[in-house]
1. Using the number of other C-beta atoms within 10 angstrom as an exposure proxy, rank ASP309, ASP413 with the fewest first.
2. Tell me the relative contact order for the chain as a rounded percent, counting alpha carbon contacts under 8 Å between residues six or more apart.
3. How long, wide and thick is the range 270-329, going by the Cα atoms along their three principal axes, in whole angstroms, largest first?
4. Please compute the Kirkwood hydrodynamic radius of the chain from all pairs of different C-alpha atoms, in Å with one decimal.
5. To check you understand DSSP bridge types, tell me what percent of the beta bridges within the chain (both residues inside) are antiparallel, rounded to 5.
6. Quick one: compute the contact order of the range 297-368, relative version, from alpha carbon pairs under 8 angstrom and 6+ residues apart, as a percent.
7. Compute the orientation-averaged projected area for the range 389-461 from the convex hull of its Cα atoms and round it to one decimal in nm².
8. Answer with one residue from ALA5, PHE86, GLY73: the one whose Cα lies farthest towards the positive end of the charge dipole of the range 1-117, charges on Cβ with Lys, Arg +1 and Asp, Glu -1.
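Throughout, read-outs are computed from the coordinates displayed, never taken from laboratory work. Every value quoted in this text rests on a predicted model; they were computed, and no experiment measured them. Ideal geometry is used to build each Cβ from the backbone, glycine not excepted, and the neighbour counts take in all protein chains shown.
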Amino acid sequence: MTDAAYDYDLFVIGGGSGGVRAGRIAAQAGAKVGLAEEYRMGGTCVVRGCVPKKFMVYSSKYGKDIELSAGYGWSVGDVSYDHEKFMVGLHAEVDRLSAIYDRNLKNAGVDVFDDRAEFVDKHTLRLKKSGKTITAKKILIAVGGRPWLPSAEELPGVEHVIDSNGVFELTELPKRMVIAGGGYIAVEFAHVFAGLGTEVCLVYRGDTVLRGFDDEIRLAVHEGLKEAGVRVVTKCVFNSIEKTDAGLTVTLSSGTEIETDVVLMAVGRRANTDDLGCDKAGVKLAGNGDVIVDEWSRTNVENIWAVGDVTGRVALTPVAIREGHAFADTEFGGKPWKMDHANIPTAVFTQPEVGTVGISEAEARKTYGEIDIYKTKFRPMKNMLNGDQTRTFMKLVVRASDQRVLGVHVVGDDAAEMIQTAAIAVKMGATKQHFDQTCALHPSAAEELVTMRTKWVPEGV
Ligand code: NDP
């Protein structure tokens, strides 16, 4: 298979979830593969995203769980939390996982370069640290994304903020934190820090967080933030940030000033294509820097592909992995297939968490007109003895014409775990009758997904 005209059959730029999967599968299929990673193997997910974030979610939940355990007969003495100690454990685990990614690639026969690769032309890359030039028959761009911050002109004092990467470098737990944004990252960290005991204020430019999700899910999360003790300020953005003797002062567009210790901006991410040299290779980018690809992850240049966050399709780890796998199977394994971006399950690790698959009620009404809605809100069994008033919310969006379940939306403990399984049914095209015919598992919260019998009728109808 190897073409002697090039150093490699495939060169992958970026050692995150998508790049590592593609490199490994291509090498296992017999290709000569090289991969360059400028920072640490594992990419955003392993090093400064999903994995360390989920550990922080687990950590932050203990405080409330310890408090609530009294209802189950436990009495606990002095409780304290040591952020530094926790972060040592977190980083040790991240190091372990990053090393596994590295090892798996090398075991598959991939040449790994701890270096930054930039295009010289469509078949040639230069490694920045070593100065080495490498040629490859096929090149995969899998460089991911990075947090976006406004410029100093747009936001005076922006140099005082941290982004989501900076969260994992905080060795001390801040007493006060102001967070900008209303997306996944902002709401997840608002709960994390509120749970750990930080006084949190979330500033969102819209009126209800999590734009794009089902409206009732958004409302539940929005209210849930307040119930968790987060001060939520809406329809506002930051005007400036000033360093003071007491910490930082954030001035909002409303004129309100907020004193804080840490300002976290979680206002979106951008593709990591700056200075990658895509222009030298002739690879077309969208206005925001995303690499433009087709359904096979092909760019406009015939020997260059891109997968994962850099393509701006769906910025989720398992999506990048599948896109990378599909590319490698198609180009090197003789098994062509495409990633299907429909019905991708997703979770937002708020407390309680959101799990969702398929489309929202509003989107379903817009697309299909007549829709049946089944929904329920209840206090889960666990909360009956511990005094926790948190409720679980579930909604099924069903197409009236053929009873196909178009969306399953849950806010509640273990929603992510429930939705992973429900996603199989939705992907298979299950109908409401299939849900009805499925025997409940008792006692569980998930059983409510198959026991909702009464169609929701709007008030006054
Ligand atoms: P999102 O795109 O989800 O959210 C960005 C937020 O910032 C939105 O609320 C947006 O408001 C707001 N915003 C954007 N620009 C500005 C601005 N100029 N001023 C003020 N507010 C602004 O981005 P995130 O950074 O939270 O996450 C990026 C992606 O990473 C997610 O979309 C998701 O795909 C992935 N991710 C997944 C996680 C998971 O699976 N659990 C966890 C974390 C991230 P508006 O709503 O008005 O546009």
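1. Listed from fewest to most nearby Cβ atoms, that is ASP413, ASP309.
2. 15
3. Principal-axis extents of the Cα atoms in the range 270-329, largest first: 28, 24, 15 Å.
4. This gives a value of 24.1 Å.
5. 60
6. 16
7. 5.9
8. GLY73
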